[in-house]
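**Student:** Got a structure here, written out as structure tokens. Questions coming.
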Amino acid sequence: MILCDGEILKFINSGEIVIEPFDKNCLGCNSYDVHLGKKLALYKDKVLDARKHNEVEYFEIPEEGYVLEPDKFYLGVTEEYTESHVHVPFLEGKSSVGRLGIDIHATAGKGDVGFCNYWTLEISVKQPVRVYPGMPIGQLIFFKVEGDVLTPYTAKSSAKYTAKNDGPVESMMYKNRF
């Protein structure tokens, strides 16, 4: 079951969902709009290796915007810090963003119960497009969980993205054993 606006507000008021900064105008009938943060990152190496730490270079989007190119893969971040203690958060792109040819996640649209952080965006574009800090970029949808969660995300020994970070976070796949 997807939470409606009234339920999202109820859980924000109880502290079971946290969105900072929160703007009631960003609350839709069953989602909350999130915005593109100022920081982007690009991987330094042309070839990425799943078994090693692939380093990134960070830069800020200027107020006049930044043109994303189709031959590059960008890591971005939401302006909003979120916590979801009893619901599963999903991040989806806004239709207006998709109609500009911008994909905001390659695979990681679902958060886990217990996820407490900014959202790293996995951004690719179909053609050059100028983006701006603070522009609406996606929407969070919250799903009700049936049953008891045995291990929230922050308690998992394999959780790699728990450090609070207001910038894009590169892949930590290298921390897995394979």
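**Student:** Filter region 1-25 for residues that are free of Cβ contacts under 8 Å to residues at least 24 places away in the same chain and either within 29 Å of Ser171 (Cβ to Cβ) or of a type in the set (Val, Ile, Thr) (or both) and give the result.
**Tutor:** The answer is Ile12, and nothing else.
**Student:** Sticking with this structure for a sec: Being exposed (fewer than 14 other Cβ atoms within 10 Å of the Cβ), out of contact with any helix residue (DSSP H, G or I) (no Cβ under 8 Å at 6 or more places or on another chain) and either at pLDDT 95 or above or not small (Gly, Ala, Ser) (or both): is that true of Glu83 here?
**Tutor:** So Glu83 fails the test.
**Student:** Quick one: in region 138-161, of everything that is small (Gly, Ala, Ser) and within 24 Å of Tyr174 (Cβ to Cβ), which residue is nearest to the chain's Cα centre (by Cα)?
**Tutor:** Checking each candidate, the answer is Ala159.
**Student:** Here is a further query. Need at least 2 residues that are without any contact (Cβ under 8 Å) to a residue 12 or more places away in the chain and in contact with a Ser or Thr (Cβ under 8 Å, 6 or more places away or on another chain) per element, so show me which strands (runs of 3 or more DSSP E) inside region 78-161 make the cut, counting only ones lying wholly within it.
**Tutor:** none
**Student:** Which condition does Tyr58 not pass, out of (1) in a loop (DSSP other than H, G, I, E, B); (2) in contact (Cβ under 8 Å) with a residue 40 or more places away in the chain; (3) not β-branched (Val, Ile, Thr), if it passes all the others?
**Tutor:** Evaluating Tyr58 over (1) in a loop (DSSP other than H, G, I, E, B); (2) in contact (Cβ under 8 Å) with a residue 40 or more places away in the chain; (3) not β-branched (Val, Ile, Thr) leaves (1) as the failure.
**Student:** Of everything in region 165-178, what is over 13 Å from the mean Cα position of the chain (by Cα) and surrounded by fewer than 16 Cβ atoms within 10 Å (Cβ to Cβ)? Give them in sequence order.
**Tutor:** Met172, Met173, Tyr174, Lys175, Asn176, Arg177, Phe178
**Student:** Would you check if Arg99 is in contact with a strand residue (DSSP E or B) (Cβ under 8 Å, 6 or more places away or on another chain), surrounded by fewer than 13 Cβ atoms within 10 Å (Cβ to Cβ) and within 24 Å of Leu40 (Cβ to Cβ)?
**Tutor:** no
**Student:** To continue, here is another question. Would you mind finding the one in Ile137, Ile123, Ile141 that is under 19 Å from Gly15 (Cα atoms) and not acidic (Asp, Glu)?
**Tutor:** Of Ile137, Ile123, Ile141, the one residue that is under 19 Å from Gly15 (Cα atoms) and not acidic (Asp, Glu) is Ile141.
**Student:** Hey, among the residues in region 136-164 that are farther than 11 Å from Val86 by Cα and charged (D, E, K, R), which one's surrounded by the fewest Cβ atoms within 10 Å (Cβ to Cβ)?
**Tutor:** My answer is Lys164.
**Student:** Another one. Being surrounded by fewer than 10 Cβ atoms within 10 Å (Cβ to Cβ) and of a type in the set (S, T, N, Q) is true for just one of Asn54, Asn30, Asn13. Which residue is that?
**Tutor:** Asn13 is the lone residue from the list that is surrounded by fewer than 10 Cβ atoms within 10 Å (Cβ to Cβ) and of a type in the set (S, T, N, Q).
**Student:** Here's another thing I want to ask about it. Here is a check on your reading of the model: is Val169 in contact with a Ser or Thr (Cβ under 7 Å, 6 or more places away or on another chain), of a type in the set (Val, Ile, Thr), under 24 Å from Leu68 (Cβ atoms) and part of a loop (DSSP other than H, G, I, E, B)?
**Tutor:** The answer is yes for Val169.
**Student:** Something else about it: Mind telling me which of the residues Tyr132, Tyr118 ends up being farther than 17 Å from Ile12 by Cα and among the aromatic types (Phe, Trp, Tyr)?
**Tutor:** Tyr132
The values are calculated or read from the model by the stated rules, or taken from the named source; none is laboratory data. This one's a predicted model, so the numbers in the text were calculated from it and none came from an experiment. For neighbour counting, all protein chains shown are included, and Cβ atoms are generated from backbone atoms with ideal geometry for every residue, glycine included.
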